[in-house]
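A short reminder: the numbers here are calculations on the coordinates, not readings from a lab. Bear in mind the structure is a predicted one, so any value in this text is a computation, not a measurement. Here the Cβ is made from the backbone with ideal geometry for all residues, glycine too, and neighbour counts use every protein chain on show.
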Amino acid sequence: MAAITMRLPVPRKAAGPSAPRGGEKHLVAPGDTITTDTGYMRGHGTYVEEEKLIASVAGAVERVNKLVCVKALKTRYNGEVGDIVVGRITEVQQKRWKVETNSRLDSVLLLSSMNLPGGELRRRSAEDELAMRDYLQEGDLISAEVQSVFSDGAVSLHTRSLKYGKLGQGVLVQVSPSLVKRQKTHFHDLPCGASIILGNNGFIWIYPTAEQKDEEAGGFTTNLEPVPLSDREVISRLRNCIVALVTQQLMLFDTSILYCYEASLPHQIKDILKPEVMEEIVLETRQRLLDLEG
């Protein structure tokens, strides 16, 4: 006989304030009037009609001095120079790779915008062009930085630093880009034994922390050794914690993920995705973040 898991309904706990201290976010729907003051400048996600500034997308109003824009709550990735992204190679073309980065258009990684194996500095030759598929081929995952944004919104990437390049063994989690918090660094070695790359494009890569960094490879060798069970359990728990935070619409950054991981330790990995457990650990995470802010 197969075991059946049964869960009885329980009264829902009153959740604390989810917004950070300092006031609720100003949320608008398409067609809502943001302001009737004519002194404001029109930013992304707004338009002017009858001297009123009106939202064209659903999201949170952001003000920078006199500039007013609406950041959509659910949207494709809009690239900005300097963003860290995780992407998947979709096509190998002449002197370039096409990369899927969760944006409206495919991103481009030029052969001249990447380190050669070993990190040597020289002009790219015809031999390098013929060997492109040896470096990266369709289906490979990479981490990269946005080098420039074209007029049509397409993004050009580069992997010139040794911290970027081909990704090895790990787990990819796809979330909304609006839930990834912008920080100085998006590469985090967590104390629980796993590392995480929080791509600004909403692609999150979780992988076992390497014991020593391989600086000679130039970001092209991938470790294919079997991952120990303990590391796989940590990665699976982190993955479920991220899914729980996203379900409850909590911003993703290293502290929130670590707090959620610690709150989930009393539960089994598979139980984290149960609605009542998810709510409990995210509520505890939210409370710890509020206490941290003071």
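Odds and ends about this structure:
- Over 32 Å between alpha carbons, listed pairs K71/K95; K181/K274; K66/K98; K98/K270; K71/K184: K71/K95; K66/K98; K98/K270
- Extreme residue, positive dipole direction of the chain, given options Q94, S56, P266 (C-beta unit charges): S56
- Counting only Cβ charges, +1 for Lys and Arg and -1 for Asp and Glu, the dipole size of the stretch 149-289 around its Cα centre is about 380 debye.
- Checking Cβ-Cβ separations below 4.7 Å across the chain identifies C69, C192 as cysteines lacking any candidate disulfide partner.
- Across the chain, Cα pairs under 8 Å and at least six residues apart give a relative contact order of 14 percent.
- Each peptide in 52-58, 186-192 was scored by the mean count of other Cβ atoms within 10 Å over its residues; highest first, the order is 52-58, 186-192.
- Length available on full extension from S125 to E62: 0.36 nm per residue minus the Cα-Cα distance, which gives 18.0 nm.
- Listed by number, the DSSP H helices of the chain that run 20 Å or longer by alpha-carbon position along their axis and have mean Kyte hydropathy of at least 0.0 are 229-247.
- Protection proxy ranking of 95-101, 269-275 - average other beta-carbon atoms within 10 Å, highest first: 95-101, 269-275
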